[in-house]
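Nothing in this text is a laboratory measurement; each read-out follows from the coordinates by a stated rule. Keep in mind it's a predicted model, so treat the numbers as computed, not measured. Every residue, glycine among them, receives a Cβ derived from its backbone with ideal geometry; neighbour counts consider all protein chains shown.
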Amino acid sequence: MHFWLFMSIMTLLIPLSMLGFGRYFLRGGPRRINSLFGYRTPMAMKNKDTWEFAHLYAGKIWVRMGSALFVISLGVMFPLRGQSTETIAWLGGLFCTVQCIPLLAVIPLTERELRKVFDRDGNRIAE
C-alpha cells in the first residue's frame, strides 16, 4: 500500500508540474528574456513579443494537457491498488515515461504557432 501511494504521487508530478508552470506562463511567465528559465527556443527569444506569445501559448497547452493527464493518472493508478510491487513499479514507471510525450509536445506545437504569427526575424505577420 505504501509503494502504491508513492508511485501514485510520482505519476502526478508531471501533470502537476504542467499545471503549475502552465498557469505561471498564462500569467505572463518570466518578465525578461533569459537563458535560464522559461520557454527558451531561438524563435521564442527573438524579442519581447515572441517571448510573451510563446509563454501564453505554451501555458494554454500545458494547462489543458496537465489537467487531462492528472485525471488519467488517477485512472491508471487507482486500479493498481493491491497489486504486487513489481506490477505497480512497471506500470507506474511506464506511465511516467508516456507522460513525457505530452510534456514535450508543447515544443513543436508552440514553434508551429510562432511561425504562423511571426516571420523569421520575430516581426508579426500582417493579416
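Relative to the longest principal axis of the Cα atoms of the chain, the long axis of helix 48-77 makes an angle of roughly 10 degrees.
The P(r) of the range 75-127 has a tail past 19 Å containing 54 percent of all C-alpha pairs.
Taking other Cβ atoms within 10 Å as a rough exposure proxy, ILE101, ILE88 sort from fewest to most as ILE101, ILE88.
As a proxy for reagent exposure, SER84, SER8, SER35, SER73 were ordered by neighbouring Cβ count within 10 angstrom, fewest first; the result is SER35, SER84, SER8, SER73. The Cβ shell under 13 Å around LEU26 holds other residues with a net charge of +3, Lys and Arg each +1, Asp and Glu each -1. Per-residue 3J(HN,Hα) values for the range 14-22, derived from phi via the Karplus relation 6.51 cos²θ - 1.76 cosθ + 1.60 with θ = phi - 60°, read 5, x, 5, 5, 4, 5, x, 5, x Hz in sequence order (x marks Gly and Pro). Between PHE118 and ILE125, the built amide H atoms are under 5 Å apart, and every one of these is 5 or more places off in sequence or on another chain. For the chain, the mean projected area of the C-alpha convex hull, equal to one quarter of the hull surface, is 8.5 nm². So how tilted is helix 85-117 from the main axis of the chain? Cα-based, degrees 0 to 90, rounded to 10. Helix 85-117 sits at roughly 10 degrees to that axis.
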